[in-house]
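The values are calculated or read from the model by the stated rules, or taken from the named source; none is laboratory data. On a predicted model such as this, the values are computed, not experimentally measured, just so you know. Note that each Cβ is placed from the backbone with ideal geometry, even for glycine, and that neighbours are counted across all protein chains shown. Remember, those area values only see protein heavy atoms, side chains included, never the ligands or the DNA or RNA. Shrake-Rupley method; radii C 1.70, N 1.55, O 1.52, S 1.80 Å.
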Amino acid sequence: MTQNIYDNPEFFEGYSRLPRSVAGLEAAPEWPALQALLPDLRGCKVVDLGCGYGWFCRWAREQGSARVLGIDVSERMLARARAETTDAAISYVRADMERLDLPEGSFDLAYSSLAQHYVADLAGLLAAVRRALVAGGRLVFSVEHPIFTAPAKPGWSVDAQGRKTWPIDGYLLEGPRQTDWLTKGVVKQHRTLATYVTLLQRLGFALSHVEEWGPSDEQVAARPALADERQRPPFLIVAARK
């Protein structure tokens, strides 16, 4: 089963204070890049894998989606999503993405933000997603970049020339990695960028976009602290079609 760290009270309390938890999609710096990859959602049937508070589910309905299903393993996250949602066309289901069972050919778009790096059986999940998409259906997702899921130790280091570096440990050794983020013992699945790409191709997806995300000049001008994100990409963003 996928680790349900979001139901850990300490983790959930810390997560609820993050800017993207308070202000939603607009507070996520990678959101414009993800949004640019989305199809016209008018009349679409959408599934959000790892929906959290339901920000994207509600946004998708605002864009005209016919029906939206939000899936998450965390009951705390889903309780918040349900409390914030009054739209009968949005439904939320608690489910483990390691054992996802979706009706075949039932969605036009599968979306996932920063959730798949918690899933050990990514091949099983993506195969289930492909079955659930209609012909020509889209998959758009983000994960923590593999540079982040293979750190030797958390945080920056400084080399002899005073340059900031991000230490990497065993990049080619894939599997679970434990880190301390908001609480101790958070498990994330490290896999290389090549593994993400090759797995999608092997399952029959047609890749349309692969991005090692970094902030734009406009974003750095508005939020100078984002300049640090240009030292190494924090997110991997992928779009594919069935």
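When only residues in the stretch 212-242 that are part of a strand (DSSP E or B) and of a type in the set (D, E, K, R) count, which is farthest from the chain's Cα centre (by Cα)? Walk me through it before giving the result.
So in the stretch 212-242, the residues part of a strand (DSSP E or B) come out as 212-213, 235-241.
From what's left, of a type in the set (D, E, K, R): 212, 241.
On the way: GLU212: 14, ARG241: 17 Å.
Filtering the stretch 212-242 for residues that are part of a strand (DSSP E or B) and of a type in the set (D, E, K, R), the one farthest from the chain's Cα centre (by Cα) comes out as ARG241.
Any idea how many residues of the stretch 121-140 are farther than 16 Å from THR192 by Cβ and in contact (Cβ under 8 Å) with a residue 60 or more places away in the chain?
13
Considering each residue of the stretch 1-24, count those that are more than 13 Å from SER74 (Cα to Cα) and crowded, with 16+ Cβ neighbours inside 10 Å, and give that number.
3
Considering PRO154, PRO167, PRO233, PRO224, which residue is at pLDDT below 95, out of contact with any helix residue (DSSP H, G or I) (no Cβ under 9 Å at 6 or more places or on another chain) and open to solvent by less than 70 Å² (accessible area, probe 1.4 Å)?
PRO167 is the lone residue from the list that is at pLDDT below 95, out of contact with any helix residue (DSSP H, G or I) (no Cβ under 9 Å at 6 or more places or on another chain) and open to solvent by less than 70 Å² (accessible area, probe 1.4 Å).
How about the stretch 58-78: which of its residues are closer than 15 Å to GLY43 by Cβ and part of a strand (DSSP E or B)?
Hits for the stretch 58-78 are ARG67, VAL68.
Search the stretch 24-47 for residues being small (Gly, Ala, Ser) and within 17 Å of the chain's Cα centre (by Cα), and hand back the single one that is modelled with the lowest pLDDT.
Only one residue fits best here, namely GLY24.
Residues that are within 20 Å of VAL46 (Cα to Cα): which strands (runs of 3 or more DSSP E) entirely in the stretch 117-211 hold 2 or more of them?
Because the criterion is at least 2 residues that are within 20 Å of VAL46 (Cα to Cα), the strands (runs of 3 or more DSSP E) in the stretch 117-211 that meet it are 133-144.
From the list GLU174, GLU211, which residue is open to solvent by 50 Å² or more (accessible area, probe 1.4 Å) and charged (D, E, K, R)?
Answer to the selection: GLU174.
What are the residues in the stretch 79-110 that are open to solvent by 30 Å² or more (accessible area, probe 1.4 Å), under 24 Å from ASP7 (Cβ atoms) and outside any loop (DSSP other than H, G, I, E, B), if any?
Listed by number, the residues that qualify are ALA79, ARG80, ARG82, ALA83, GLU84, SER91, VAL93, ARG94, GLU98, ARG99.
Pairs under 6 Å by beta carbon, first residue closer than 26 Å to ASN8 by Cα in the stretch 170-186, partner in a loop (DSSP other than H, G, I, E, B), six or more apart or different chains?
Every condition considered, the pairs that remain are GLU174/ARG191; THR183/ASN8.
Residues of the stretch 67-78 being crowded, with 16+ Cβ neighbours inside 10 Å and either among the charged types (D, E, K, R) or over 21 Å from THR2 (Cα atoms) (or both), which ones?
Once the filter is applied, which keeps residues that are crowded, with 16+ Cβ neighbours inside 10 Å and either among the charged types (D, E, K, R) or over 21 Å from THR2 (Cα atoms) (or both), the stretch 67-78 yields ARG67, VAL68, ASP72, ARG76.
Residue by residue through the stretch 34-57, note down the ones that are surrounded by fewer than 21 Cβ atoms within 10 Å (Cβ to Cβ) and assigned to a helix (DSSP H, G or I).
GLN35
Could you tell me whether the stretch 9-17 includes any residue that is under 15 Å from the mean Cα position of the chain (by Cα), at pLDDT below 90 and over 22 Å from LEU126 (Cβ atoms)? Talk me through it step by step, then tell me what you get.
Residues of the stretch 9-17 under 15 Å from the mean Cα position of the chain (by Cα): 15.
Subset that is at pLDDT below 90: 15.
Keeping just the survivors that are over 22 Å from LEU126 (Cβ atoms) gives 15.
Yes: the stretch 9-17 contains one or more residues that are under 15 Å from the mean Cα position of the chain (by Cα), at pLDDT below 90 and over 22 Å from LEU126 (Cβ atoms).
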